[in-house]
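**Student:** Mind looking over this structure? Questions follow.
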Amino acid sequence: MGHLLAPLRAVGSPGAPGLPVASGPGRRRFPQALIVGVKKGGTRALLEFLRLHPDVRAIGSEPHFFDRCYERGLAWYRSLMPRTLDGQITMEKTPSYFVTREAPGRIHGMSPDTKLIVVVRNPVTRAISDYAQTLSKTPGLPSFRALAFRHGLGPVDTAWSAVRIGLYAQHLDNWLRFFPLSRFLFVSGERLVSDPAGEVGRVQDFLGLKRVVTDKHFYFNATKGFPCLKKAQGSSNPRCLGKSKGRPHPRVPAAVVQRLRDFYRPFNRKFYQMTGQDFGWD
């Protein structure tokens, strides 16, 4: 991949080793904006909605650079990015960044001006959704209740990642050691379903983009229970997210849900205070 690191002025320069001229216009840049969290919050939906914007260029897969592949180096990371023209924004999304202790410092090291988008969702429904995803891949998993609590209905087990991810205030504390609150946009996963155009409008404003993606791009798919795109670019067909999105949740006893709601309440309230937004989960 060495040729990707060549200075871009070398393209087309006589005798200079550079990027192949035929590889398309624009150049690879570090992302100016990252969707850093959270898992099962609606990050895939948000990225797909934003990719309708002509000035957003995003890598489709999750590169996991700042949590799992950091030793590969920033040059490798940049080589993964799509080419952009001036005025376009490069983005990626890896929801596990939000809960990775080292990620804020590493991202700050790349650029302290990075814009950070966090999609959050009621931590109880997020945990159940997380469990449903794991269960689909690992049949025979213990029940949600058995994993969420120690000793029957004893203390909530914060060592279980499905529970721990929802402690948004604690994770945000770690990020605020490196970035001011003004670098963040907190997107409501619930409103991304009930009013996708409104939430995507807020994101476009935050990114400094014209509001190109609007309500005319969405319709509500009652079968899946969330919004889909009316027409993907270059296609006459509507486009919904894949089968793994909107999967039915397992039934969790009401007493278990209530215990978790009570557990998360103080963390949620601290998160509302920190962000200046009431997400209405309580």
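The values are calculated or read from the model by the stated rules, or taken from the named source; none is laboratory data. Keep in mind it's a predicted model, so treat the numbers as computed, not measured. Every residue, glycine as well, gets a Cβ built from its backbone with ideal geometry; the counts of neighbours run over all protein chains shown. All accessible areas refer to the heavy atoms of the entire protein, side chains included, with ligands and DNA or RNA removed. Shrake-Rupley method; radii C 1.70, N 1.55, O 1.52, S 1.80 Å.
**Student:** What Cys residues in the chain have no fellow cysteine's beta-carbon under 4.7 angstrom?
**Tutor:** Cys69
**Student:** Show me, bin by bin at 5 Å from 0, the whole-percent P(r) of the chain based on Cα pairs.
**Tutor:** 1, 5, 11, 15, 16, 16, 14, 10, 6, 3, 2, 1, 0, 0, 0
**Student:** How long are the semi-axes of the equivalent ellipsoid of region 123-282, defined as square roots of 5 times the Cα gyration tensor eigenvalues? Whole Å, largest first.
**Tutor:** Output for region 123-282: semi-axes of 31, 24, 13 Å.
**Student:** Additional query: Any chance you could give the angle, 0 to 90 degrees and rounded to 10, that helix 123-137 forms with the longest Cα principal axis of the chain?
**Tutor:** The answer is roughly 80 degrees.
**Student:** In whole percent, how big is the carbon plus sulfur part of the accessible area of the chain, probe 1.4 Å, protein atoms only?
**Tutor:** The nonpolar share, carbon plus sulfur, comes to 54 percent.
**Student:** From the helices alone, meaning DSSP H stretches of at least four residues, give me the mean residue ellipticity at 222 nm for the chain, per-run term -39500 (n - 2.57), in deg cm²/dmol to the nearest 500.
**Tutor:** That calculation yields -9500 deg cm²/dmol at 222 nm.
**Student:** Full extension from Leu85 to His151: what is 0.36 nm times the residue separation minus their Cα-Cα distance, to one decimal in nm?
**Tutor:** 18.1 nm
**Student:** Moving on to the next point. Go through Lys115/Lys210; Lys40/Lys224; Lys115/Lys230; Lys39/Lys224; Lys93/Lys224; Lys93/Lys115 and tell me which ones have a Cα-Cα distance over 21 Å in this structure.
**Tutor:** Lys115/Lys230; Lys93/Lys224
**Student:** Compute the accessible area per residue over region 98-179, keeping the other protein chains in place, probe 1.4 Å, unit Å².
**Tutor:** Result: 41 Å² per residue.
**Student:** If you don't mind, there's one more thing I want to ask. With N residues in region 51-156, what two-decimal value do you get for its Cα radius of gyration over 2.2 N^0.38 Å?
**Tutor:** The reported ratio for this selection is 1.40.
**Student:** Work out how much length Arg247 to Leu141 would gain on full extension: take 0.36 nm times their residue separation and subtract the Cα-Cα distance, in nm to one decimal.
**Tutor:** Result: 36.5 nm gained on full extension.
**Student:** Calculate, in nm to one decimal, what Phe267 and Ala255 gain on full extension: separation in residues at 0.36 nm each, minus their alpha carbon distance.
**Tutor:** 2.4 nm
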